[in-house]
Amino acid sequence: MNIILLGYPGSGKGTQAKVLSQKLGMFHVSTGDIFREELAKKTPLGVEVAGYLSAGRLVPDKLVLEVLKARLGAETRGLLFDGFPRTVEQAESLDAWFESRGQSIDAVIFLNVPEAEVARRLGARRTCSGCGKIYNVITNPPAKEGTCDVCAKPLLTREDDKPEVIARRIQVYKDQTEPLLAYYRSSGVFREADGSLAPEDVAGKVAAMFPGKA
Ligand code: ADP
Ligand code: ZN
């Protein structure tokens, strides 16, 4: 099985992908996490994508596809994409790639959250520097301020969760990613969940899309 999560930055794709991939035994593919990892390790790819990430702009399609093919070529589990595809061109490339492997997309899940809500969430988001767990200082704060409940490492504000960059990311989503809704709506595997609910309620709705599996 292969699944795509779609939605605004801040719609909860990362949070839901972690839960769902575990329930379904799938490989969680977050292109954002991949780029941040490369950046942290200062690899040539990391250096190349740094400017795009900090500005809230998309990494060029060609680079995204190269890194994904390199990482996923040998993966045998089902793939759960979070943050990819982000352009119609990426979606077309993914279709072609799956077709060449005799695979297809089983579900595209759109996490629907109003724009005002995602802007609010991104401003309040903190990410654990150790294990990557995501917090929200308003709705889901850690027990001890600035410290991860799970691994006790410091929580950080992602560089692209600063106000100027948030506005850019929202605009980039509207311009380049939103057209994917129409692209997938006609595919027959399109599903939608109310992403404005609490994370565990969204997880329940999404799990209900896979009866007997999740
Ligand atoms: P969010 O969905 O909250 O914006 P991500 O972690 O998915 O966060 O992405 C962070 C950044 O990584 C994006 O703003 C972009 O620069 C880059 N990125 C991630 N995925 C892609 C992609 N599929 N295509 C182009 N750029 C990407
Ligand atoms: Zn942690």
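Just one of the numbered conditions (1) open to solvent by 20 Å² or more (accessible area, probe 1.4 Å); (2) touching a residue at least 60 places away in the same chain (Cβ under 8 Å); (3) more than 19 Å from SER187 (Cβ to Cβ); (4) assigned to a loop (DSSP other than H, G, I, E, B) is not true of ALA74: (2).
Restricting attention to region 157-178, and to residues there that are open to solvent by 80 Å² or more (accessible area, probe 1.4 Å) and out of contact with any helix residue (DSSP H, G or I) (no Cβ under 9 Å at 6 or more places or on another chain), which single residue is farthest from ALA50 (Cα to Cα)? Among residues in region 157-178 that are open to solvent by 80 Å² or more (accessible area, probe 1.4 Å) and out of contact with any helix residue (DSSP H, G or I) (no Cβ under 9 Å at 6 or more places or on another chain), the one farthest from ALA50 (Cα to Cα) is ASP175.
Got a number for residues in region 77-93 being open to solvent by less than 90 Å² (accessible area, probe 1.4 Å) and out of contact with any strand residue (DSSP E or B) (no Cβ under 8 Å at 6 or more places or on another chain)?
Residues in region 77-93 being open to solvent by less than 90 Å² (accessible area, probe 1.4 Å) and out of contact with any strand residue (DSSP E or B) (no Cβ under 8 Å at 6 or more places or on another chain): 6 in total.
Please determine whether any residue of region 184-203 is touching a helix residue (DSSP H, G or I) at 6+ places or on another chain (Cβ under 8 Å) and among the basic types (Lys, Arg).
Just the residues of region 184-203 that are touching a helix residue (DSSP H, G or I) at 6+ places or on another chain (Cβ under 8 Å), to begin with: 184, 190, 193-197, 199, 202-203.
Still in the list and also among the basic types (Lys, Arg): none.
No, there is no match, as no residue in region 184-203 is touching a helix residue (DSSP H, G or I) at 6+ places or on another chain (Cβ under 8 Å) and among the basic types (Lys, Arg).
Going through region 112-136 one residue at a time, which ones are in a loop (DSSP other than H, G, I, E, B) and modelled with pLDDT of 95 or more? Quick ask: steps written out before the conclusion?
So in region 112-136, the residues in a loop (DSSP other than H, G, I, E, B) come out as 113-114, 129-133.
Result: VAL113, PRO114.
Across region 86-128, the qualifying residues are those that are more than 17 Å from PHE190 (Cα to Cα) and of a type in the set (Lys, Arg), and the one among them that is farthest from the chain's Cα centre (by Cα) is ARG101.
Can you say whether ASP33 is modelled with pLDDT under 95, within 16 Å of ligand 1 (Cβ to nearest atom) and surrounded by 15 or more Cβ atoms within 10 Å (Cβ to Cβ), as far as the supplied structure shows? Quick ask: steps written out before the conclusion?
Working: modelled with pLDDT under 95: yes; within 16 Å of ligand 1 (Cβ to nearest atom): yes; surrounded by 15 or more Cβ atoms within 10 Å (Cβ to Cβ): yes.
In short, yes.
Which condition breaks for GLY132 when tested against (1) over 18 Å from SER30 (Cβ atoms); (2) among the small types (Gly, Ala, Ser); (3) in contact (Cβ under 8 Å) with a residue 24 or more places away in the chain? The number of the failed condition is (1).
The values are calculated or read from the model by the stated rules, or taken from the named source; none is laboratory data. These numbers come from a predicted model, not from an experiment. All Cβ positions, even for glycine, are placed from backbone atoms using ideal geometry, and neighbour counts span all protein chains on display. Quick note on the areas: whole protein, heavy atoms, side chains included, nothing else; ligands and nucleic acids left out. Shrake-Rupley method; radii C 1.70, N 1.55, O 1.52, S 1.80 Å.
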